[in-house]
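A short write-up of the structure that comes next.
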C-alpha cells in the first residue's frame, strides 16, 4: 500500500476550508484579541456566575479597573503574580489585567500543600499574590520567609448579587486572621482609582501565564504559555467544524490553574462571543443539575464527568438536544465507556457523539478534537487547523508512515515557550528535528490513520514491558474488558512479575455497574474467558481487583500511580 507521511500531505486538511487554512494567526495580546472580537457586542453576556450575568462591557471595565489596582499595588511589567484560587470572576479579571500591564499570572492549585505553594512562590520570585479567602491560611504560612509584599484576598461572594452575597457570608463566615500585608478585593480595586493605564503592546515572546504540570518526565514544572498560544487555540477552534454561535452557552467545569480550564473554558469561548458559565468548585454529582439549569450548547470535561452524568437518575428523561458539543479531554476513555456515553447522549436528543480531544499543558491544552460528525470510535479527532501531528520512532526524529505506531509529536502555534527555569527539561520535550521544525515530544504512543484521525494507545511511561521484552499497551486490554455488559469502567496498570527477576504484568482494576445481578466470581470468570478469546497469551492479565471506584487525581484523571500501589 502506498502511504505517505502526515507532515507531507496532512490528510486532515481536507476537512477545512481553503481560506481558513491560508488565514494568518492573530498577533495581539490576550486582552486585545478578546476586546477586538467583542467590542461591537458589549451588551452580550460574557460570564455567568451563579445568577449574575456579566456583559462584555462590564468584563472589560472590570479588567481595566483590576489592572489599575495592580499597578497601584506596585506590580510592574515583567512581575510574576501568583494566583491561588478556583474560578471566580475576580480571577478572570486578574488574568487579563496581568496581560494589560505586561505582568505574568502564576496559576497554582489551592489544594497544593503549604510547602508546595512556598516552592511555587519562591521559584518565580513572586512579590504579590491573589488568593481566594478559603485558601488564605495556606498562603499565610507559605509566604513566611519569602519576598511577598502584598496579598490580595478575593471571595467567592464578591461577584454575587447583593442578596446572594449576604446569604453566602452568613453561612460561610470568614474567620481568617489576616496579616497586615493583606488587602480585601473591594478595597484593592478602589485603590486603583485615578491610576493611569497604558496597555503594554503585543510582544511575540511575552509569557501570558505560567501553569503547572507533571509534564512528560513526572517532576513538577511551570509551563510558560504565550499570548500567541492562547489566541491561536481560540482562533483554531473558531475555524473548526464545530457549531459555535455568538451567545451560546459554554459550561466550564475545569479549574483555572490548568491550561485546559482557562484556554478551552474561558479564553476560547469568550473570544468567540460565547458565554462562559463559570463554576467555582465542581462536585461531579452536581453536573446534572447544572446542565438542566443552564442548558449549555457546549461543555468541556474529563471522561469521569460523562460517566457520572450517564448514571445520574435525574438525567433519565432529560432533553439534551441543547448540547452541540460535548468535549472530553484530560484523560483517555476506553471503547466500552465511549459507546455507553454515546448511547446516553443520542437517546437524550444530543445531535453528536462525545467529542473526544487530545492535548497537553505544554501545548496550551487541546491540539486535536472530534468535530460534530468528524468522529471515529477510539480516536481523539483530527488536528486543529494550524497543528501538524505525526508519529515518530521513539527517541528519534524519524517520521513514520501513516498507520504506523510511534511516539506522537506535535508542532504548531500553541507550543509552550518552555519550562520556567528548567532549560534541560525544556530541551527534552521541545526538540528541533532534521526538518528544521521544533516538535513537542508528548511521551504518548499512537498513530494517524489515512483520514487524518489521531489514535492514542497509551503513555509510553504506562507501557508495560514483560520480562521477555513483549510490550503491552493498557488501552488494548481496557478496550476489551470495558465491552463486558457488567463493567462500568476499568483501568490496567503494571504490577511486578513475581516469578521473574525483572519485568511487569498487567493488573486490572474494575468498577461494576450498580444494577449488576451476577456475582463478582461469575463476572471475573466471564472476563477471563473474554480476554482469552480476544487477547494474545502475552497480554493476559495477572490479576483482577473489583472496587467501588477508581482512584482519581483532584482534576478528575485516573491516578495510575495510586492504582499501581494497590495492585497486589
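Please treat every number below as a calculation from the coordinates, not as lab data. Please read all numbers here as calculations on a predicted model, not as lab measurements. Methodologically, a virtual Cβ is constructed for each residue, glycine included, from the backbone with ideal geometry; neighbour enumeration extends over all protein chains shown.
Values as computed for the structure displayed
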{"item": "Gap separating the Cα centres of the range 231-272 and the range 496-518, nearest whole Å", "result": "38 Å"}
{"item": "Folded to 0 to 90 degrees: helix 520-534 orientation relative to the chain principal axis, Cα", "result": "70 degrees"}
{"item": "Gain upon complete extension [residue 435, residue 149; 0.36 nm per residue less C-alpha separation]", "result": "98.2 nm"}
{"item": "Contact order relative to length of the range 105-159, as percent, for alpha carbon pairs under 8 angstrom and 6 or more apart", "result": "40 percent"}
{"item": "Helix 162-171 vs. the chain, principal-axis angle (Cα, 0 to 90°, nearest 10)", "result": "70 degrees"}
{"item": "Relative contact order of the chain, pairs being alpha-carbon contacts under 8 Å that are 6 or more residues apart, as %", "result": "12 percent"}
{"item": "Highest average packing first - 324-332, 108-116, 261-269, Cβ atoms within 10 Å", "result": "261-269, 324-332, 108-116"}
{"item": "Calculated FRET efficiency for the pair residue 425/residue 401, C-beta based, R₀ 30 Å, to 0.05", "result": "0.50"}
{"item": "In degrees, nearest ten, helix 227-239 long axis to first principal axis of the chain (Cα)", "result": "60 degrees"}
{"item": "Simple label model, 7 Å out from Cα along Cβ direction - residue 40 to residue 178, nm", "result": "4.3 nm"}
{"item": "Residue-span extension gain [residue 195 to residue 169] - 0.36 nm each, minus C-alpha spacing", "result": "6.3 nm"}
{"item": "Sequence ranges 400-412, 542-554, 300-312, ranked by mean other-Cβ count within 10 angstrom, highest first", "result": "300-312, 400-412, 542-554"}
{"item": "For the range 226-458, the spread of Cα positions along each principal axis, largest first, Å", "result": "55, 34, 28"}
{"item": "Peptide ranges 443-450, 237-244, 533-540, 224-231 listed from the most packed, as the mean C-beta count within 10 angstrom indicates", "result": "224-231, 443-450, 237-244, 533-540"}
{"item": "Over 17 Å [Cα-Cα, the range 271-311], rounded percent", "result": "29 percent"}
